[in-house]
Each structure stands twice: as structure tokens, then as C-alpha cells.
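Q: One structure coming up, written as C-alpha cells, with questions to follow.
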Amino acid sequence: MKTSNGLIIRKQIYLYAIIFLGLSMTNTQIIPFLTHVGYSPVERGLILSSIAIVAIVGQVVTGYLCDKYSTIKKFYHGLLFLFILSNGVLYFISEEIFFVHLLLFGFVGGLFRIISGLIETWTLEINEYVKDRFGLIRAFGALGWAFGAPLTSLLIDNYGYRIIGLSFALVAIFSLIFSLGMPDAAKIETNQKLKVADIKVLLKNPNYVVLLLMLIMVNLIFAADMYTVIDKMVFLGATNSQIAFKWSFQAILELPLFFLGYLLLKHIGAKRMLVFSILMYIVRFGLYTIATSPFQIILISGMQALTFPLLMISQKVLVAEESPLHLKSTGQMFALSMYGGLSALLTPIISGFLIAIIGYNATLLIFTMSLWIPFYLSIRYYKMKTPHSHNFT
């Protein structure tokens, strides 16, 4: 059994490194591309918010279908193939055609969120041994991302933005072929027949609801690191290389706590990890507010080491623990559609309008102060008993 689990872990590690290298190609240059095309902060905000429509609906429906048909692998493969095709079209349109980019970014960005959520849910549902080592596996995703971001910048400098579609296609097809040998999620057999109405079961659990509200608010601000902070870097004169380096720098610094994820869960617990990560986000965004150069922003982004890995691991584990056995995929994907989808919808719009009215620093200050609300909720949630408890919580 140990050999079998060890082989699964190794295959997961390879798969995460490959696919996240590819995903970094499609996601780290969105703001620079839209700026290059000529869109204003408000227009960029509206385009980026279109991602949420596909993400919210797609993640809920996909999670439900994965539970209904007892497979994640087949849906992952089908959606990844669709993503390869649609992403290939996106970066070929470099003219300022607002509604075309609105639709294309919405579709491609939504698929990006669905696919990244599916692969993480897939890992959590293979078996308990693999689930407990999610942080270790996810670390190699960060490693792939760290390598992919500067590689993308180098490719763009030499071949332009159109190279992104082809580069991602090559990497993604390789990962698709490699993942064919992976075991599917081990779904729990129950006597309950899954119905659409059963999604309401999740919302009858007060712990799940409090956790969800907290994660929505945290991720609304966390998304600003992709939108508002990058916008500020561009405003301060950052180059594509500096922006790519920020992504790589963050991804590399994620690695230690991802590698130590199993030990942190065992000795500290997911709830404490969540509380601490939110507190560190408050410090991080407070520093972003007073930064005066791209270099300072890059240095501050090093706090990724104490924020994102802890948030990622704790939110995935806690959502899994608050979800009934027959709704594991639904619980994960519904939560992701809310805290990921709403952040994709609201953060760019809010950020774009606030920047236009009060500027970058005041916008980041408002985001920083807003984080005190989920921090308070995290303290309350820490004191609540988890009905579907795990040894780590």
C-alpha cells in the first residue's frame, strides 16, 4: 500500500509541476497584455470581472456533475482540452475590441479557475494518504509556476503575446497525456441519490456558511494582489520582467510552507493556520499601501511565504471537513465558485473604480482595513466545533 501511495504522490507531483507551469503562461501576463492593448483601469476591471460569470456557474455545475457521475478525471480532461483551444485564440487578438476581449477573457479565465480547482479537488479525493500530503504536492505546482512566469516573459519579449497560446498548448497537451495514467477520485458510495436540491445541505451547516463568508472576504482582498497591486506596479513604471519576477519570487517563497503543510496541519491545525494567514495578509497589504517603487512591491510580495500557502491548505482542508461524504466535490467547487468567483467578479470592478476616484494607495488602504472583518470571523470560527472533524483540525 505504501508503494502504491508513494507512486501516486510522485505522479501528482509531476502533474502539478507541468500543469501549473502551463497555467502560469496564461495568467501572469493578463494585466500587461490588456495594458499593452490600450485598456484603461476601469475597462480592464470590467473585462477581468467577466471571468467570474463562467467561474461561478462552471465550478458549481462541474462539482455537482463530478459527484453525480463519480468522476473528476473525465471532466478535468475534457475541460482542459477545451481550455487549450480557447486560450490559443485569446492572445492572437491584440486590437482594442472591448466586447470580444470581454467574452474571451470571461470564458478562458473561467476555465482557468475551474481547471485549477478540479485538479486540487481531485488530489483531495484520491485517498486520505494523498489528501494529508496536499501541501507537499501543491508545492510543486508553485515550483512550476515560478519557472513558467519568467519563461513567459522571455517568450513575450522575443515573440510577442501570440506565443502564449502555442506555448501553453504544448505544455498542456503533455500534461493531458501524462495524467491519463492517474487514478480517479475515490468517491464514497452512499444510499443517497444526488439531486440538485442536495446542494442546500451545504448551506444548512452553519460552520460551512461562516467559513464560506470568511473565505469570500479574504479572497476578495487576496485577488487584489493580481489586479490592484500589478496595476500599481505598472503605474510606477514596472517592466514585464519585473512583473514576471514578482510572480516567480512569490511562488518560490511559497515552497517551504507547502512542503511543511502536513506537519503544520498535524501540529498547529487548519484553523490556526487560517487565522494567522489572514493576520499576515493585513500586514502585507498595509505595506503595499506605502510602497513607492516596483522593487519595494516585489520585496513585500515575499510575504507570500506566510500568507498564500497557509490560506490555500487550510481553506481546502476545512471545506472538505465541513462537507458531507456524498457532496465532497460539490462542497469544494461550490465554495471555490463563491470565494474564487466573487473575487474575480467584484475585485477588478471595485479596484478599477476606486483607483479612478481615489488612487492606488487609498484603494489598497481600504482593502487592508477590510481584512479585519474576516480576521474577526476567523477567531469566531476557530471556537466552533467541526461536525465532520479531521484529526488535523
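Q: Got at least one residue in the range 50-59 being under 19 Å from the mean Cα position of the chain (by Cα) and surrounded by fewer than 20 Cβ atoms within 10 Å (Cβ to Cβ)?
A: yes
Q: Let me spell it out: the conditions are (1) touching a helix residue (DSSP H, G or I) at 6+ places or on another chain (Cβ under 7 Å); (2) without any contact (Cβ under 8 Å) to a residue 40 or more places away in the chain, and Asn240 meets all of them except one. Which number is the exception?
A: Asn240 satisfies every listed condition except (2).
Q: Could we say that Thr123 is surrounded by 20 or more Cβ atoms within 10 Å (Cβ to Cβ) and within 30 Å of Lys328 (Cα to Cα) here?
A: Taking the combined requirement at face value, the residue satisfies it.
Q: Of the residues Phe308, Phe276, only one is modelled with pLDDT of 95 or more and among the aromatic types (Phe, Trp, Tyr); which?
A: Just one listed residue meets the conditions, Phe276.
Q: So which residues in the range 223-261 are under 18 Å from the mean Cα position of the chain (by Cα), not in a helix (DSSP H, G or I) and not aromatic (Phe, Trp, Tyr), if there are any at all?
A: Residue satisfying the conditions is Met226 alone.
Q: Within 17 Å of Val171 (Cβ to Cβ) and of a type in the set (Phe, Trp, Tyr), is that true of Tyr91?
A: yes
Q: Checking Ser337 against (1) at pLDDT 85 or above; (2) crowded, with 18+ Cβ neighbours inside 10 Å: exactly one of these is not met. Which one?
A: Tallying (1) at pLDDT 85 or above; (2) crowded, with 18+ Cβ neighbours inside 10 Å, Ser337 fails exactly one: (1).
Q: Further question on the same structure: Looking at the structure I just gave you, is Phe147 surrounded by fewer than 22 Cβ atoms within 10 Å (Cβ to Cβ) and in a helix (DSSP H, G or I)?
A: yes
Q: Separate question: Go through the range 78-112 residue by residue and tally those that are closer than 13 Å to Val54 by Cα, out of contact with any Gly (no Cβ under 9 Å at 6 or more places or on another chain) and of a type outside the set (Gly, Ala, Ser).
A: 8
Q: Determine which member of the set His77, His36 is surrounded by fewer than 20 Cβ atoms within 10 Å (Cβ to Cβ) and closer than 28 Å to Lys246 by Cα.
A: Exactly one residue qualifies, and that residue is His36.
Q: Let me ask something additional. Which condition breaks for Val209 when tested against (1) within 26 Å of Gly144 (Cα to Cα); (2) modelled with pLDDT of 85 or more; (3) in a helix (DSSP H, G or I); (4) of a type in the set (A, V, I, L, M)?
A: (1)
Q: Of everything in the range 131-141 that's at pLDDT 85 or above and touching a Leu at 6+ places or on another chain (Cβ under 9 Å), which residue is farthest from Val319 (Cα to Cα)?
A: Phe140
Q: Could you tell me which numbered condition Gly106 fails, if it satisfies all but one of (1) buried (at least 20 other Cβ atoms within 10 Å of the Cβ); (2) closer than 16 Å to Ile164 by Cβ?
A: Among (1) buried (at least 20 other Cβ atoms within 10 Å of the Cβ); (2) closer than 16 Å to Ile164 by Cβ, Gly106 violates only (2).
Q: Can you tell me which residues in the range 58-105 are in contact with a Phe, Trp or Tyr (Cβ under 8 Å, 6 or more places away or on another chain) and among the β-branched types (Val, Ile, Thr)?
A: Matches in the range 58-105: Val60, Thr62, Ile72, Ile84.
Q: Still on this model: Residues in the range 155-170 that are surrounded by 14 or more Cβ atoms within 10 Å (Cβ to Cβ), among the hydrophobic types (A, V, I, L, M, F, W, C) and either in contact with a Pro (Cβ under 9 Å, 6 or more places away or on another chain) or farther than 11 Å from Ser24 by Cα (or both): how many?
A: Here the count works out to 5.
Q: Of the numbered conditions (1) in contact with a helix residue (DSSP H, G or I) (Cβ under 6 Å, 6 or more places away or on another chain); (2) within 30 Å of Val229 (Cα to Cα); (3) β-branched (Val, Ile, Thr), Val57 fails exactly one; give the number of that condition.
A: Status for Val57: all satisfied but (1).
Q: Quick one: how many residues across the range 276-319 are small (Gly, Ala, Ser), assigned to a helix (DSSP H, G or I) and buried (at least 21 other Cβ atoms within 10 Å of the Cβ)?
A: The number of residues fulfilling the criteria is 3.
Conditions tested, residue by residue: (1) free of Cβ contacts under 8 Å to residues at least 60 places away in the same chain; (2) within 20 Å of Gln29 (Cα to Cα).
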| residue | (1), (2) |
| --- | --- |
| Tyr64 | no, no |
| Ser70 | no, no |
| Tyr76 | no, no |
| Tyr91 | no, yes |
| Phe99 | yes, yes |
| Gly109 | no, yes |
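Q: Let me ask you something else. Going through Leu48, Leu85, Leu111, Leu80 one at a time, which residue ends up being closer than 23 Å to Ile163 by Cα, part of a helix (DSSP H, G or I) and at pLDDT below 85?
A: Leu48
The values are calculated or read from the model by the stated rules, or taken from the named source; none is laboratory data. Please read all numbers here as calculations on a predicted model, not as lab measurements. No Cβ is skipped: glycine too gets one built from the backbone with ideal geometry, and neighbour counts run over all protein chains shown.
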